[in-house]
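A.B. asks: First the structure, which I've put down as structure tokens, then a few questions once you've had a look.
The values are calculated or read from the model by the stated rules, or taken from the named source; none is laboratory data. A quick note: this is a predicted structure, and the numbers were derived from the prediction, not measured. Cβ placement follows ideal geometry from the backbone for every residue including glycine, while neighbour counts extend to all protein chains displayed.
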Amino acid sequence: MSFGVLTSHAESVDFEAKVLPILKERCFDCHSKEHVDEKTGKTKKPKGKFRMDSPEMMKKGGADGGDLTPGDPAKSTIYTSVTLPDSDDKAMPPKGDRLSKEQQDLIKQWIAEGANFGAWKGAAD
Ligand code: HEC
């Protein structure tokens with residue numbers, strides 16, 4: 001018997017299987033180590049001085065800090081920013097569709113459960 005991911009009986013969220021793919025697709029482009037974009041050939045620096053491409057960097061946060069507070073989604077801007085309406089300057093990602101409610105809830109649950117990164121190490125430097 002299986003329960004939906006968001007029921008109160010949900011198993012804890014597997015970061016690499018559920019959360020990382022969302023961040024890779026929707027956030028890493030602007031929040032990774034400085035790199036040359038393959039398509040445009042332009043150098044991309046991490047926006048807001050915030051890198052999300054390793055657990056250490058995500059916990060360290062960016063210019064304003066407080067980007068990931070394990071156990072407290074309300075104090076984690078990586079969650080609160082994705083729930084803001086498009087019209088808000090701080091809404092993330094700033095381009096494209098909003099994350100779906102299901103994606104937002106996965107991020108929220110993962111943070112509430114302590115933001116366990118499992119075996120994921122991300123970028124080495
Ligand atoms: C198209 C580029 C782009 C994408 C994609 C993007 N961001 Fe951002 N992000 C920015 C820019 C630019 C800033 C800094 C200026 C600002 O605050 O609006 C920023 C700032 C932030 C900050 C504040 C950092 C700090 O400490 O000041 C957080 C948190 C954040 N983004 C989270 C996310 C998350 C989570 C995603 C994916 C769901 C995401 N961003 C996707 C461009 C992007």
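A.B. asks: Determine, yes or no, whether Thr77 is at negative phi, crowded, with 17+ Cβ neighbours inside 10 Å, at pLDDT 95 or above and out of contact with any helix residue (DSSP H, G or I) (no Cβ under 9 Å at 6 or more places or on another chain).
C.D. replies: yes
A.B. asks: Of everything in region 19-52, what is away from the ligand (no atom under 12 Å from the Cβ) and either part of a loop (DSSP other than H, G, I, E, B) or on the phi > 0 side of the Ramachandran plot (or both)? Give them in sequence order.
C.D. replies: Lys33, Glu34, Glu38, Lys39, Thr40, Gly41, Lys42
A.B. asks: A follow-up question, please. Could you grab me the full set of residues in region 60-96 that are more than 6 Å from the ligand (Cβ to nearest atom) and under 11 Å from the mean Cα position of the chain (by Cα)?
C.D. replies: Residues satisfying the conditions are Leu68, Ser76, Tyr79, Thr80.
A.B. asks: Just name the residue that is surrounded by the most Cβ atoms within 10 Å (Cβ to Cβ) out of those in region 87-114 that are within 20 Å of Gly48 (Cβ to Cβ) and among the charged types (D, E, K, R).
C.D. replies: Per the criteria, the residue is Arg98.
A.B. asks: Continuing with this model, one more query. Answer yes if at least one residue in region 3-14 is under 11 Å from the mean Cα position of the chain (by Cα) and under 19 Å from Ala112 (Cα atoms), and no otherwise.
C.D. replies: The initial filter retains those residues of region 3-14 that are under 11 Å from the mean Cα position of the chain (by Cα), namely none.
Within region 3-14, none of the residues are under 11 Å from the mean Cα position of the chain (by Cα) and under 19 Å from Ala112 (Cα atoms).
A.B. asks: Something else about it: Can you pull out every residue in region 84-109 that is in contact with a Pro (Cβ under 9 Å, 6 or more places away or on another chain) and part of a helix (DSSP H, G or I)?
C.D. replies: Ile107, Lys108, Gln109 - these are the residues of region 84-109 that are in contact with a Pro (Cβ under 9 Å, 6 or more places away or on another chain) and part of a helix (DSSP H, G or I).
A.B. asks: Kindly indicate whether any position in region 98-108 is of a type in the set (D, E, K, R) and in contact with a Lys or Arg (Cβ under 7 Å, 6 or more places away or on another chain). Talk me through it step by step, then tell me what you get.
C.D. replies: Here is the first cut: in region 98-108, the ones of a type in the set (D, E, K, R) are 98, 101-102, 105, 108.
In the following step, the residues that additionally are in contact with a Lys or Arg (Cβ under 7 Å, 6 or more places away or on another chain) were identified as none.
No: zero hits.
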